[in-house]
Amino acid sequence: MGAVSLLLMTSLMLAGCSVLGKRTASEPPYRVLEEDGDIEVRQYGEMIVAETVIEGAYGQTGAPGFSRLAGYIFGKNRSKEKLSMTAPVLQEPVSEKISMTAPVLQEKKGSAWVMAFVMPEGSRLETLPVPLDPAVTLRSVPGKKVAVLRYSGLHSESNLRNYAEKLTVWLEKKGHRVCSQPRAASYDPPWTLPFLRRNEVHIDIE
């Protein structure tokens, strides 16, 4: 299956029935602890993610990262098993806390981003199919408290930066202690009209 076909099919799965205005892809469960307009503090449980590291600027890493992860859920794994698509798709800068399995990625200089798909609820590392692509890895993410700012519009690096700054200011005013860098969360396929898109900035807090 070609990269273009993978992107199209995965976008359709992410959209569910959103061609008719309904978003049906499943999401990881969470509990809202605090709410203030477009900002929420959520408690997420443990989840499993499939992730990949891509060198390059934010706008240049989305398509190759999406294609790699789409390949995994569409059967590019040892069991040739197809997995359900969930939302959101997560993207964040590489930090020292994220281990990279490909030595060439560890050696490269410049910007790099991690893109992740959340695996369906109830997934376990020991039962998920093993990726055939060495650039795709599976990781367990412990339960955590996350501050979230929701916005519509373009899923761009400038929007991520601007809304992350707004969320950080709110967290400082509320006395929350930040313990991660901002990451982008997108819920809609690329053809969704910008004003109808659901985008979020996530920041982990104590």
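List of remarks:
- Subset tally (residues that are assigned to a helix (DSSP H, G or I), of a type in the set (Gly, Ala, Ser) and surrounded by 15 or more Cβ atoms within 10 Å (Cβ to Cβ)) for the range 48-62: 1
- All strands (runs of 3 or more DSSP E) inside the range 114-206 with 2 or more residues being β-branched (Val, Ile, Thr) and more than 20 Å from Gln60 (Cβ to Cβ): 136-141, 144-151, 199-205
- Every condition in (1) more than 24 Å from Pro64 (Cα to Cα); (2) at pLDDT 95 or above; (3) surrounded by 14 or more Cβ atoms within 10 Å (Cβ to Cβ) is met by Ser180 except one, and the failing one is (2).
- So Arg124, is it surrounded by 12 or more Cβ atoms within 10 Å (Cβ to Cβ), in contact (Cβ under 8 Å) with a residue 40 or more places away in the chain and charged (D, E, K, R): no
- Of the residues making up the range 53-65, just one is in contact with a helix residue (DSSP H, G or I) (Cβ under 6 Å, 6 or more places away or on another chain), farther than 14 Å from Leu138 by Cβ and modelled with pLDDT of 85 or more, namely Ile54.
- Neighbours by Cβ (under 6 Å, 6+ apart or cross-chain): first from the range 135-156, closer than 20 Å to Val201 by Cβ and free of Cβ contacts under 8 Å to residues at least 60 places away in the same chain; second among the basic types (Lys, Arg) and surrounded by 13 or more Cβ atoms within 10 Å (Cβ to Cβ): Ser152/Arg197
- Single residue of the range 85-121 satisfying the filter (loosely packed, with under 12 Cβ neighbours inside 10 Å and of a type outside the set (A, V, I, L, M, F, W, C)) that is modelled with the highest pLDDT: Ser95
The values are calculated or read from the model by the stated rules, or taken from the named source; none is laboratory data. For clarity, every value in this text was computed on a predicted model and none was experimentally measured. Heads up, the Cβs are rebuilt from the backbone with ideal geometry, glycines too, and the neighbour counts pull from every protein chain shown.
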